[in-house]
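Structure record follows, encoded as structure tokens.
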Amino acid sequence: MKKQVLYWSILILPFLGMIMINELVRLKTNEEGYTIHGVTAINTKKKLKHKCTLICHYETTNYCKKNHVKLAKPYVDKIDKIYFKIISSLKSTGNYRLANIIFLVIILPLIMYILLVKSISLEFKIRKLKKG
């Protein structure tokens, strides 16, 4: 029973955390969000030097790299290779948005969840064997 609660909490808590953080940010944001397909985002699409906005996603990655990347600057050339391969792979499916949701929102987190649960399960087995 304890394991079930642990596994369910590992699955649910990250999503609840993301939702809570998004909604807290939405409450503190004074700018008008960008609307596309009838959905209004928290962020604007204006070019702002002090923070990343949707302009970085929709129009120019270089603007974002120039103004917002700080800690990863030494690794940008390595990150770009992976980033653009992922983007081109998602676009090659013919439906970028759906592929993005299926692979980056569902499949990849599900794989990470399964591996984490498997790791925890093995840890429980190791502890049980050590106790004898």
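When you scan region 5-116 for helices (runs of 4 or more DSSP H) that lie fully inside it, which ones turn up with 1 or more residues that are surrounded by 10 or more Cβ atoms within 10 Å (Cβ to Cβ) and touching a Cys at 6+ places or on another chain (Cβ under 8 Å)? Spell out how you get there, then give the answer.
Values: elements: 54-58, 61-67, 76-91, 96-100.
Result: 54-58, 61-67.
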Restricting region 59-85 to residues that are basic (Lys, Arg) and under 15 Å from Lys47 (Cα atoms), which is nearest to the chain's Cα centre (by Cα)? Lys65
Suppose the filter is hydrophobic (A, V, I, L, M, F, W, C), more than 20 Å from the chain's Cα centre (by Cα) and on the phi < 0 side of the Ramachandran plot; does Leu6 pass it? yes
Only one of Ile10, Ile36, Ile42, Ile21 is without any contact (Cβ under 8 Å) to a residue 24 or more places away in the chain and in contact with a helix residue (DSSP H, G or I) (Cβ under 7 Å, 6 or more places away or on another chain); which? Ile42
Would you say Ala41 is among the aliphatic types (A, V, I, L, M) and touching a Ser or Thr at 6+ places or on another chain (Cβ under 8 Å)? yes
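Values quoted throughout were computed directly from the atomic coordinates according to the rules given, and no laboratory measurement underlies them. All of these numbers come straight from a predicted model, not from anything done at the bench. Using ideal geometry, Cβ is built from the backbone for each residue, glycine included, and neighbour counts are taken over all protein chains shown.
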